[in-house]
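Data block below; observations after.
The values are calculated or read from the model by the stated rules, or taken from the named source; none is laboratory data. All figures in this text were calculated on a predicted structure; none of them were measured in a lab. Quick reminder, even Gly has a Cβ in these numbers, built from the backbone with ideal geometry, and neighbours come from all protein chains shown.
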Amino acid sequence: MSERWTLKRAGILNVYQYGDETIHFAGGRLLLRGVNGSGKSTAMNMLLPYLLDGDARKIDAAGEQAGVLKSWMLAGREDPQPIGYLWIEFESGEGHLTCGSGIKANRASDSVTTWWWLTSKRVGIDFSLVEDNRPLSYDVLKAVLGSDPVYKQDQRVAYRDEVRRR
């Protein structure tokens with residue numbers, strides 16, 4: 001029987017007030033400290049359960065965060081079409097598994113598009129989510145990941161099923 005997956009690292013790139021943050025878990029555990037309003041809960045809401053369920057409605061426990069992705073991407077920015085990434089990495093005796101989501105907001109159409117990916121590659125070690133100081137587009141990420149699956153927004157059920165399977 002294989003070892004259980006353990007949280008190893010997570011990342012927030014160009015989402016909300018985060019530039020490029022990597023969060024390290026110690027033995028699958030994390031302690032976040034800071035004053036009220038410093039972003040501890042927001043960071044965790046971005047990562048769990050959002051990246052496992054692929055459902056923005058589950059970003060907060062009350063399910064009241066309608067439009068939160070759009071808000072995270074557009075508030076306080078000049079970029080008309082910002083792209084950001086959220087990712088979480090697991091480790092087991094079988095290796096690594098990284099689950100991630102790309103988020104692209106469009107100020108002109110007042111919309112948000114998401115995509116999802118799974119890979120055994122490690123962000124910042126095996127590949128980068130940034131090229132020329134800009135987050136990768138969907139098409140470039142797909143090329144970088146090669147044969148690893150990248151799911152479009154309307155395929156998030158398939159993404160969620162694959163996360164559960166793995």
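Of the residues that make up the stretch 148-160, is at least one within 19 Å of I23 (Cβ to Cβ), of a type outside the set (A, V, I, L, M, F, W, C) and surrounded by 17 or more Cβ atoms within 10 Å (Cβ to Cβ)? For the stretch 148-160, residues within 19 Å of I23 (Cβ to Cβ), of a type outside the set (A, V, I, L, M, F, W, C) and surrounded by 17 or more Cβ atoms within 10 Å (Cβ to Cβ): absent. In the set A43, A26, only one residue is at negative phi and loosely packed, with under 13 Cβ neighbours inside 10 Å; that residue is A26. Across the stretch 134-166, the number of residues qualifying as under 15 Å from the mean Cα position of the chain (by Cα) and polar (S, T, N, Q) comes to 2. Criterion first (surrounded by fewer than 17 Cβ atoms within 10 Å (Cβ to Cβ), among the acidic types (D, E) and modelled with pLDDT of 90 or more) does E21 satisfy it? Yes. Scanning the stretch 80-98 for any residue that is surrounded by 15 or more Cβ atoms within 10 Å (Cβ to Cβ), out of contact with any Lys or Arg (no Cβ under 9 Å at 6 or more places or on another chain) and within 27 Å of R29 (Cβ to Cβ) turns up at least one such residue. For the stretch 116-151, taking the residues that are touching a Leu at 6+ places or on another chain (Cβ under 9 Å) and assigned to a loop (DSSP other than H, G, I, E, B), the one that is nearest to D55 (Cα to Cα) is identified as P149. Exactly one residue out of S111, S92, S101 is on the phi < 0 side of the Ramachandran plot and touching a Leu at 6+ places or on another chain (Cβ under 7 Å), and it is S101. Exactly one residue out of T42, T98 is hydroxyl-bearing (S, T, Y) and touching a strand residue (DSSP E or B) at 6+ places or on another chain (Cβ under 8 Å): that is T98. Scanning the stretch 1-18 for residues that are crowded, with 17+ Cβ neighbours inside 10 Å and in contact with a helix residue (DSSP H, G or I) (Cβ under 9 Å, 6 or more places away or on another chain) returns A10, G11, I12, N14, V15, Y16, Y18.
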